[in-house]
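See structure below.
The values are calculated or read from the model by the stated rules, or taken from the named source; none is laboratory data. In this text, all values refer to a predicted model and were calculated from it rather than measured experimentally. Positions of Cβ are generated from backbone atoms using ideal geometry, with glycine treated the same way; all protein chains shown enter the neighbour counts. Just the protein is used for accessible areas: all its heavy atoms, side chains included, with ligands, DNA and RNA removed. Shrake-Rupley method; radii C 1.70, N 1.55, O 1.52, S 1.80 Å.
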Amino acid sequence: MVLRCALLQLQSSAFRRYATVSTSHRITALYPTRYRARQQHFSTGLSSGTSAAGGFPSPSPVSDEHSLSVASMTIAFDRALLERRTEDAVFAVDGLRRKGSFPSRDSLSTLISQLAYKQTPLSLSQADRLIQDLVASRREDLLDQNSLSLLALAYAGVGMANFSRSTLRLMFQTGLYPSVRVWTAVVSKIAESFSEAPAALELFKEICKLTGGTVDASSREPCKMVEEPDPVARIIKLMDFAMMPKGNEELLVSMRPDVTSFNSALRICATLADTQNAEEIFHSMSLFGVLPNSDSFELLIKVYGKARRFDLFRKVPQRMEAACVRPSASTLKALVDAYVESGNIEEAEKVLQKTVQGKSSLWNLVKLEGDVYNSLLKAYALEARLSDAANLLSSVPLEDAGTGLDQARVVASMIASGMLKEICSILQYMLQHRMEVSFSAYKSLMHGFCANNQLDKAASFIILMKRAGIKPDCSIYGPLIQGLVRCRDRLLAYHTFLEMVEARIVPDEATYVSLLKALTVEERASKMVRVLEAVMEFPSVKISLFSWNLVIEYCSKKKLIGDAQRMLARMAPAGVQPDSYSY
């Protein structure tokens with residue numbers, strides 16, 4: 001990564017340093033050894049009568065690249081392009097340019113697309129040089145929309161924001177307008193860098209102005225659909241450019257921003273906590289006949305929340321109702337999070353309770369998800385308001401009744417969000433106060449402990465469950481035993497397993513097989529026998545042939561012949577026939 005960034009910085013400085021130097025000298029200065037080797041390889045292939053890849057006769061054997069005819073160089077270029085020898089094709093174009101000629105539009109489009117697809121500092125510098133040569137030669141007619149779109153995306157993908165913006169502006173000036181999906185992707189990619197986010201927002205405004213609208217304070221008006229009987233005529237009338245290439249009107253219309261592009265701009269505003277631009281962009285949607293969706297309002301809430309404008313986000317639900325927009329679960333989560341961040345925890349809980357009880361005209365159709373509760377439960381836990389947190393979790397259904405929401409999902413969501421400590425304290429409080437909790441929620445907590453290697457807390461929580469009169473099963477013990485095996489504490493895993501079977505808890509195959517494999521590492525054959533005998537105490541558990549053979553094998557290796565024979569004799573009564581490996 002460091003090397004890649006260094007190459008990008010080298011490329012950017014090289015463009016500025018060698019802007020006035022000839023093409024061949026510029027690329028030689030950037031990559032001298034590679035350039036000369038490739039040039040020699042390319043010239044040798046032509047002079048020997050075959051292409052560099054071999055097998056194709058050259059048009060006319062010549063010794064000097066500069067003496068090649070335009071026709072023969074064009075043929076060499078086409079072959080290199082067909083064989084995807086991109087650098088050879090670039091050098092061929094360079095030779096043609098010096099003779100005052102260029103390949104066809106389709107061939108150049110393929111070459112630029114290949115260079116963009118490689119997405120390396122060298123290939124992108126070659127693409128930039130080629131486009132500069134075309135513009136300097138006033139041959140913009142050889143450019144096309146698809147290849148320039150790919151190039152703009154490639155520049156944005158490697159963090160070359162300036163080159164990406166320049167490519168888009170070249171497309172605007174030549175009438176090769178990018179589709180809304182392309183420029184929206186470019187704007188979003190540029191905005192991933194916080195330092196480039198303001199420039200990405202300005203680029204969005206520039207495109208809106210070009211396509212017949214404007215994003216400024218004067219455009220603030222109630223959101224409504226704009227009836228546009230002839231959008232093409234309206235756009236042409238409002239064009240900033242004096243001349244627009246004929247036949248490109250449809251391309252310009254396809255560039256008009258849609259709800260996805262507006263949401264991308266709102267997302268940038270949320271990154272910058274820029275409420276003014278967010279309001280201007282939101283109100284400008286009506287100028288393009290675009291209606292906001294639930295994502296638009298969700299992003300608006302995030303903008304206000306990040307800017308700590310809590311007086312504004314409270315009005316968003318009313319604005320959603322006025323726009324007849326049905327909110328999603330993520331919109332509800334954004335609103336709850338904003339209330340929590342503003343310190344209005346009670347308001348956040350009211351919104352949730354009304355939604356769960358179906359008492360809200362706006363939110364009663366929202367399908368809740370577990371992460372909606374995360375910020376509120378965490379806030380209660382951090383403020384040591386465990387009783388409020390426990391009451392809120394108790395209001396969640398114990399099991400899923402077709403709504404997609406239950407206590408286990410809430411617990412799992414908090415663990416996935418890094419709130420293991422908070423949800424543990426809440427469930428401990430509920431255990432100590434004999435509050436009803438679904439068994440699946442405890443299972444989710446145990447899996448969270450073991451996934452984070454907090455095995456001591458998992459063992460302690462099992463003790464709390466027993467004290468509360470809740471009998472753990474193998475789904476509680478299993479993750480602990482497998483976690484101990486993973487952490488190489490095999491003896492503790494062995495004793496925990498014995499504790500489980502002594503409590504008459506039926507083991508599952510995954511648990512006892514993982515323990516048997518762990519004991520083979522310790523070469524503790526006698527303990528393996530004890531594990532298998534403990535499993536045999538439960539007739540409902542069928543021991544696999546693999547497990548029998550594993551125990552017999554290690555008893556034989558440790559010269560415990562009596563134990564091996566005893567295990568072999570018990571296979572048939574247990575319903576498993578020995579095989580040749582058993583004997």
Open item on the list: Just to verify a result, which residue in the range 533-542, among those that are of a type outside the set (D, E, K, R), in contact (Cβ under 8 Å) with a residue 12 or more places away in the chain and surrounded by fewer than 21 Cβ atoms within 10 Å (Cβ to Cβ), is nearest to Phe497 (Cα to Cα)?
Closed with: Ala534
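Against the definition (out of contact with any Gly (no Cβ under 8 Å at 6 or more places or on another chain), part of a helix (DSSP H, G or I) and not basic (Lys, Arg)), how does Ser440 come out, yes or no? Can you show your working first?
Values: out of contact with any Gly (no Cβ under 8 Å at 6 or more places or on another chain): yes; part of a helix (DSSP H, G or I): yes; not basic (Lys, Arg): yes.
The answer is yes for Ser440.
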Task: Residue pairs meeting the criteria (Cβ under 6 Å; at least 6 apart or on separate chains; first among the hydrophobic types (A, V, I, L, M, F, W, C), in the range 58-80; second open to solvent by 40 Å² or more (accessible area, probe 1.4 Å) and at pLDDT 50 or above) - done: Val70/Lys99
Open item on the list: List the helices (runs of 4 or more DSSP H) inside the range 80-164, counting only whole elements, that have at least 3 residues being under 30 Å from Ala197 (Cβ atoms) and out of contact with any Asp or Glu (no Cβ under 8 Å at 6 or more places or on another chain).
Closed with: 105-118, 121-136, 145-157
- [ ] Kindly provide the set of residues from the range 445-472 that are among the charged types (D, E, K, R) and within 37 Å of the chain's Cα centre (by Cα), ordered by number.
- [x] Asp456, Lys457
Open item on the list: Here is a check on your reading of the model: is Gly418 modelled with pLDDT under 90 and assigned to a helix (DSSP H, G or I)?
Closed with: no
- [ ] Considering only the range 123-148, state which residues are within 17 Å of Leu251 (Cα to Cα), within 29 Å of the chain's Cα centre (by Cα) and crowded, with 20+ Cβ neighbours inside 10 Å.
- [x] Ser147, Leu148
Open item on the list: Residues that are modelled with pLDDT under 90, open to solvent by less than 10 Å² (accessible area, probe 1.4 Å), within 31 Å of the chain's Cα centre (by Cα) and over 18 Å from Phe163 (Cα atoms): does the range 176-195 have at least one?
Closed with: no
- [ ] Identify the single condition in (1) touching a residue at least 12 places away in the same chain (Cβ under 8 Å); (2) outside any helix (DSSP H, G or I); (3) over 30 Å from Gly448 (Cβ atoms); (4) not acidic (Asp, Glu) that Pro472 does not satisfy, given that it satisfies every other one.
- [x] (3)
Open item on the list: Given the criteria among the hydrophobic types (A, V, I, L, M, F, W, C), at negative phi and open to solvent by 40 Å² or more (accessible area, probe 1.4 Å), does Met571 qualify?
Closed with: no
Task: Matching option when the condition is in contact with a Gly (Cβ under 8 Å, 6 or more places away or on another chain) and either at pLDDT 90 or above or not β-branched (Val, Ile, Thr) (or both), among Ala401, Ala412 - done: Ala412
- [ ] Tell me, please, whether a residue that is more than 42 Å from the chain's Cα centre (by Cα), part of a loop (DSSP other than H, G, I, E, B), within 30 Å of Gly575 (Cβ to Cβ) and at pLDDT below 85 can be found in the range 549-559.
- [x] yes
Open item on the list: Take the conditions touching a residue at least 24 places away in the same chain (Cβ under 8 Å), open to solvent by 60 Å² or more (accessible area, probe 1.4 Å) and either of a type in the set (A, V, I, L, M) or farther than 30 Å from Ser440 by Cα (or both) and apply them to Leu560. Does it pass?
Closed with: no
TODO: Tally the residues that are charged (D, E, K, R) and either farther than 17 Å from Val531 by Cβ or open to solvent by 60 Å² or more (accessible area, probe 1.4 Å) (or both), restricting the search to the range 546-557.
DONE: 1
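Hey, which of the helices (runs of 4 or more DSSP H) in the range 205-298, taking only ones fully inside, have at least 1 residues that are open to solvent by less than 50 Å² (accessible area, probe 1.4 Å), more than 19 Å from Trp183 (Cα to Cα) and modelled with pLDDT of 55 or more? Before the answer, list the steps.
On the way: elements: 231-238, 249-254, 259-272, 275-284.
Answer list for the range 205-298: 259-272, 275-284.
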TODO: Among the residues of the range 476-528, count how many are in a loop (DSSP other than H, G, I, E, B) and either surrounded by fewer than 20 Cβ atoms within 10 Å (Cβ to Cβ) or β-branched (Val, Ile, Thr) (or both).
DONE: 10
TODO: Can you run down the residue pairs with Cβ atoms below 8 Å, 6 or more apart or on separate chains, where the first is in the range 422-441 and within 14 Å of Gly370 (Cβ to Cβ) and the partner is open to solvent by 40 Å² or more (accessible area, probe 1.4 Å) and not in a helix (DSSP H, G or I)?
DONE: Ser438/Leu398; Ser438/Glu399; Ser440/Glu399
TODO: Please find, among Lys359, Lys354, Lys315, Lys333, the residue that is more than 17 Å from Glu279 (Cβ to Cβ), at pLDDT 85 or above and open to solvent by 30 Å² or more (accessible area, probe 1.4 Å).
DONE: Lys333
- [ ] Any residue in the range 504-525 that's within 22 Å of Lys466 (Cβ to Cβ): show its pairings with residues that are part of a loop (DSSP other than H, G, I, E, B) and not hydrophobic (A, V, I, L, M, F, W, C) at Cβ separation under 6 Å, as long as the two are six or more apart or on different chains.
- [x] Ile505/Asp473
